[in-house]
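Encoded as structure tokens, the structure appears first; notes follow it.
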Amino acid sequence: MDEEQQTAGAAQPHGPLAGFTVGVTAARRADELGALLKRRGATVLHAPALRIVPLSDDSELLAATKELIDQVPDVVVATTAIGFRGWVEAADGWGLGEELIARLRGVELLARGPKVKGAVRAAGLTEEWSPSSESMAEVLERLLAEGVQGRRVAVQLHGEPLPGFVEALREAGAEVVGVPVYRWMPPEDIGPVDRLLDATVARGVDALTFTSAPAAASLLNRAEERGLLPELLAALHHDVVPACVGPVTALPLQGHGVDTVQPERFRLGPLVQLLCHELPSRARTLPIAGHRVEIRGHAVMVDGELRPVPPAGMSLLRSLARRPGWVVARADLLRALPGAGTDEHAVETAMARLRSALGAPKLIQTVVKRGYRLALEPSSADAKYAAE
């Protein structure tokens, strides 16, 4: 490794998400998403907001499969790879697999995106068309352009109704048959979801990720059940980044007026890359006492070195950073401490631990009989805060 490479490696040894906590609400592919986030330095809090229940033994799926074998549709829309595979596997289990595949060979088969296309081809079938965007809106646009009046369209559902998709087809004159391959159900253990909600409301997470609309709706519903919905929405409006894999996933949040961030490509990798840009860009960076200090979710970067800080210390630091350079009274800092009582000695104890964690005691100055202040450099853009 040459000197330039060594320098570049030393400049960012921790990953772009170091010091941030990200909540994961996914049930399916949660391990993959969590691994991608951790690889970039994030602390991950996983709480599946839903569980997926396969319907291989479900009479509803069996009835839909028999109906499609008896009355062959004109068009079949495959919406998810796991759902399409599950459908074929369930049909095999009932002894209907060969008949189902034979019927699907004779219809216009549309696959929503590359992964679904792979599942279709693995079953020995060939799709007639697939959008590169993985957008159901694009699938709908194609069907409406072709004309669906009097045509029978089978749609492999993926756990929840497709917003507007089925309705638009029916309004255009199609007969739509739903194929419910699996369902979303509440998690068997609601504890992790409640802990994630508590952490979000307390600003203990910096971002929440959503990979399905039902998961977003489930988290909102649980918050409402606990009387936490206003607090959750306030957190998502101001302090916690709601990151959705795509526009359909974002709909339940947008219904509550929450603006979300979404990657251009609706995949897990781009979602993580988006957070790698979004979270560091929101971190507060200040020149203090000759050091470059970047305040992240549960840690501080001091001259590029990651310094984990206890929750009480982060509360104090954020209070000081709201008006960098200004003196903050002990009484105000005491109110900022989580679970603090009336003894201002708690502030001194937490401040000592904060200074130790930062590794640079001169970052925070004690102003005798008044309080504490960040030793903001007078030449900084925030110098106006330096004097009262």
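Residue check: is LEU220 surrounded by fewer than 23 Cβ atoms within 10 Å (Cβ to Cβ), aliphatic (A, V, I, L, M), within 23 Å of the chain's Cα centre (by Cα) and in a helix (DSSP H, G or I)? Let's see the steps before the verdict.
Numbers: surrounded by fewer than 23 Cβ atoms within 10 Å (Cβ to Cβ): yes; aliphatic (A, V, I, L, M): yes; within 23 Å of the chain's Cα centre (by Cα): yes; in a helix (DSSP H, G or I): yes.
Spelling it out, LEU220 is indeed surrounded by fewer than 23 Cβ atoms within 10 Å (Cβ to Cβ), aliphatic (A, V, I, L, M), within 23 Å of the chain's Cα centre (by Cα) and in a helix (DSSP H, G or I).
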> Among the candidates VAL272, VAL258, which residue alone is modelled with pLDDT of 90 or more, open to solvent by less than 10 Å² (accessible area, probe 1.4 Å) and assigned to a helix (DSSP H, G or I)?
Replying inline: VAL272
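Give me the residue from segment 328-346 that is assigned to a loop (DSSP other than H, G, I, E, B) and more than 15 Å from ARG203 (Cβ to Cβ) and, out of that set, most open to solvent (accessible area, probe 1.4 Å).
Here the answer is THR342.
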>> Take the conditions in contact with a strand residue (DSSP E or B) (Cβ under 6 Å, 6 or more places away or on another chain) and open to solvent by 10 Å² or more (accessible area, probe 1.4 Å) and apply them to GLU175. Does it pass?
In response: yes
>> For segment 311-327: of the residues being open to solvent by 30 Å² or more (accessible area, probe 1.4 Å), free of Cβ contacts under 8 Å to residues at least 60 places away in the same chain and more than 25 Å from the chain's Cα centre (by Cα), which is farthest from GLY297 (Cα to Cα)?
In response: ARG322
>> Can you confirm whether ALA27 is touching a Pro at 6+ places or on another chain (Cβ under 8 Å), buried (at least 17 other Cβ atoms within 10 Å of the Cβ) and closer than 30 Å to LEU279 by Cβ?
In response: yes
> Picking from LEU251, LEU232, LEU236, which residue would you name as being within 13 Å of the chain's Cα centre (by Cα) and among the aliphatic types (A, V, I, L, M)?
Replying inline: LEU236
> Could you say which residue among VAL205, VAL293 is in contact with a Gly (Cβ under 7 Å, 6 or more places away or on another chain) and outside any helix (DSSP H, G or I)?
Replying inline: VAL205
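Could you check segment 39-145 for strands (runs of 3 or more DSSP E) lying wholly inside it with 2 or more residues that are open to solvent by less than 60 Å² (accessible area, probe 1.4 Å) and more than 30 Å from ASP198 (Cβ to Cβ)?
The strands (runs of 3 or more DSSP E) meeting that bar are 75-78, 108-111.
Take the residues of segment 202-212 that are open to solvent by 30 Å² or more (accessible area, probe 1.4 Å) and farther than 22 Å from ARG51 by Cα: which is farthest from the chain's Cα centre (by Cα)?
ALA202
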>> For segment 290-307, which positions are of a type outside the set (Lys, Arg), more than 21 Å from VAL24 (Cα to Cα) and open to solvent by 40 Å² or more (accessible area, probe 1.4 Å)?
In response: GLY290, HIS291, ASP303, GLU305, LEU306
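The values are calculated or read from the model by the stated rules, or taken from the named source; none is laboratory data. Just so it is clear, the structure is predicted and the values come from calculations on it, not from any experiment. FYI the Cβ positions are ideal-geometry reconstructions off the backbone, even for glycines, and counts take in every protein chain you see. SASA here: full protein model, heavy atoms, side chains in, ligands and nucleic acids out. Shrake-Rupley method; radii C 1.70, N 1.55, O 1.52, S 1.80 Å.
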